[in-house]
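Since every read-out is calculated from the coordinates, none of them should be taken as a lab result. Quantities reported herein were computed from a predicted structural model and do not represent experimental measurements. Cβ coordinates were reconstructed from backbone atoms using ideal geometry, including for glycine residues, and neighbour counts include every protein chain displayed.
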Amino acid sequence: MQIQIPRGTYDVLPVDAFAWQKIEKTAREVCALFNYKEMRTPIFESTNLFQRGVGDTTDIVQKEMYNFKDRGGRDLTLRPEGTASFVRAYVEHKLFGLPSQPQKLYYIGPMFRYERPQAGRMRQFTQFGAEALGSADPSIDAEVIALAMTFYQKLGLKSLNLVLNSLGDPESRAAHRDALIAHFKPSIGEFCEDCQNRLEKNPLRILDCKEDHDHPLMATAPSIIDYLNEESREYFAKVKAILDEMGIAYELDPTLVRGLDYYNHTTFEIMGASKGAITTLMGGGRYNGLVSELGGPETPGIGFALSIERLLLALEVEGVQLSAAPSLDCFIVAIGEKAENKAPVLLNQLRQSGLYADKDYMERKVKGQFKQADRDHAKFVVVIGDEELEAQKAVVKNMADGTQEDVAFASLTDYLKEKLTTIDGVK
RNA sequence: GCGGUUAUGGUGAAGUGGUUAACACACCGGAUUGUGGUUCCGGCAUGCGUGGGUUCGAUCCCCAUUAACCGCCCCA
């Protein structure tokens, strides 16, 4: 029986790989622009890193983790997100001790969550994320958001909606939490089972519930904004002011609660088009307690993560075409046995001189070889046969206008390079 | 994890309980003994997701299983 790809995974086929390269390149360029450095961490980590880092009450830890025991009995997990690993590495390598603070870092790589697959939701998916560790300056909150926005804009995405909220500091959160419990507790029986469980564990998440969205108590629920203490309120005001000055539009949503436990203060999402619906393209927020939670010194942090898969979907929905892969400079058409023997040698010479070149390997007839040249979008075809070998020259055909000329083998690469320069201005 | 829909060649997609599984595109070849994107002609599924069952006989009926898609949940 044929072996199939595991559920929730997919292959990026050659036709699609160029779009991925383009996206990754854009991400790296934008990070360079904002002075974020790449860091690479393992794809699996100790399971308890995520239990402590992401939070035991989250869906991710409770039901979505790919965990396994290795041969040494270690309890490991395929990373479901990037922040916990980055904070672990930051603490483990004592990056907090480096003179250069904050540490501004980014990653691009696969994440794993055991979920029911759907468009834009895979078991292995790819996140591009950035984290700034070591600064509690509100301008870095704005910077991280600006980085993501810049990235999307460079790729040509238009319909983006930035949603903003503040969860406040631990003191504010605790006060709000108490208020929420007091608000919902008397009538909690009218809510869904999930919400009943959420009441004591994480009442904030009740606000996020779609099932009970229309319950009258939702509209009158205490808003976190009203429970922010002086310091938290000021901090949020500064972040908003900087975004205003930058000209980055946002929408305030006091019910924006993120799925990970470590967030406090600023949280945000960018919503965008997807197949048939609007979904979250990017999510992030501040996590000031996480570094110390994972054994480091009290250190503020903030970051975001976005999904390349969802970005691709959004680009498709908006009709944005990422330009195609580079085409071939020339293709050798060989006719007859002598020419077929000569072709690989000539081909190698062309390649050594820096030309993108190829030939036929399917013993096709002349017509078939030309068709292949056409499929590869070759700009020139170099034809060789008995006559050409005799005269030490080739027939070079310009595929765009159909003209052709005789060119001596000795001057073939110079000829092609010159012609190509006039075509695309490079080389 | 729950509910719904689906599964036929490289691709899109018809179809029937019974010797040959439409059609289109793509591909290969020929018309044009050495030239692409147009046209005409020809070729191209020992096989109908996988496993089992019913039957004289199943791609078509039944069961299971796997996967994809959509909705819920949740999120990137």
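How much FRET efficiency would the formula 1/(1 + (r/R0)^6) give for A:ASP75 and A:LYS275, where r is the Cβ-Cβ distance and R0 is 30 Å, rounded to 0.05? Here the calculated transfer efficiency is 0.25. Mean residue ellipticity, 222 nm, helices only, chain A: the sum of -39500 (n - 2.57) across DSSP H runs of n ≥ 4, divided by residue count and rounded to 500, is -11500 deg cm²/dmol.
The protection proxy used here, the mean number of other Cβ atoms lying within 10 Å of each residue, ranks peptides A:144-150, A:21-27 as follows, highest first: A:144-150, A:21-27.
Backbone phi angles across the range A:407-419, fed through the Karplus curve with coefficients 6.51, -1.76 and 1.60 (θ = phi - 60°), yield HN-Hα couplings of 9, 5, 3, 4, 10, 4, 5, 5, 4, 4, 4, 5, 4 Hz in residue order; Gly and Pro are listed as x. Subtracting the Cα-Cα distance of A:ASN341 and A:ARG364 from 0.36 nm times their residue separation leaves 6.8 nm of extension gain. Once both axes come from the Cα atoms, what is the angle between helix A:14-33 and the longest principal axis of chain A, in degrees from 0 to 90, rounded to 10? The angle comes out at about 60 degrees. In angstrom, the C-alpha Rg and Dmax of chain A are 28.4, 97. For chain A, a Gaussian network of Cα nodes joined below 10 Å ranks A:LEU204, A:LEU162, A:LEU347 by mean-square fluctuation, and the top entry is A:LEU347. Computed from label points 7 Å out along Cα-Cβ, the spacing between A:ASN398 and A:GLU38 is 3.9 nm. Once Rg and the Kirkwood radius are both taken over the C-alpha atoms of the range A:330-424, their ratio Rg/Rh works out to 0.92. Remark: the A:THR255-A:ILE225 segment gains 9.8 nm on full extension, using 0.36 nm per residue and subtracting the alpha carbon distance. With each label modelled as a point 7 angstrom along the Cα→C-beta vector, the A:GLU193-A:SER411 pair spans 8.3 nm.
Gap in Å between the Cα centre of the range A:96-123 and the Cα centre of the range A:248-306? About 12 Å separates the Cα centre of the range A:248-306 from the one of the range A:96-123. With axes computed from alpha carbons, what is the tilt in degrees of helix A:337-352 against the longest principal axis of chain A, rounded to the nearest 10 within 0 to 90? Orientation of helix A:337-352: about 50 degrees from the principal axis. When the square roots of the Cα gyration tensor eigenvalues are ordered a ≥ b ≥ c, the ratio a/c for the range A:115-216 is 1.5 or more and a/b does not exceed b/c, which makes its shape oblate.
Remind me, what semi-axes does the range A:63-122 give for its equivalent ellipsoid, largest first in whole Å, using sqrt of 5 times each Cα gyration tensor eigenvalue? Kindly include the intermediate steps, with their values, before the conclusion.
On the way: eigenvalues 157, 67, 10 Å².
Semi-axes (√(5λ), whole Å): 28, 18, 7.
With the cut-off at 32 Å, tell me which of the pairs A:LYS63/A:LYS185; A:LYS25/A:LYS397; A:LYS158/A:LYS379; A:LYS69/A:LYS94; A:LYS154/A:LYS238 have Cα atoms farther apart than that.
Working: A:LYS63/A:LYS185 26 Å; A:LYS25/A:LYS397 34 Å; A:LYS158/A:LYS379 34 Å; A:LYS69/A:LYS94 28 Å; A:LYS154/A:LYS238 27 Å.
Check vs 32 Å cut-off fails for A:LYS25/A:LYS397; A:LYS158/A:LYS379.
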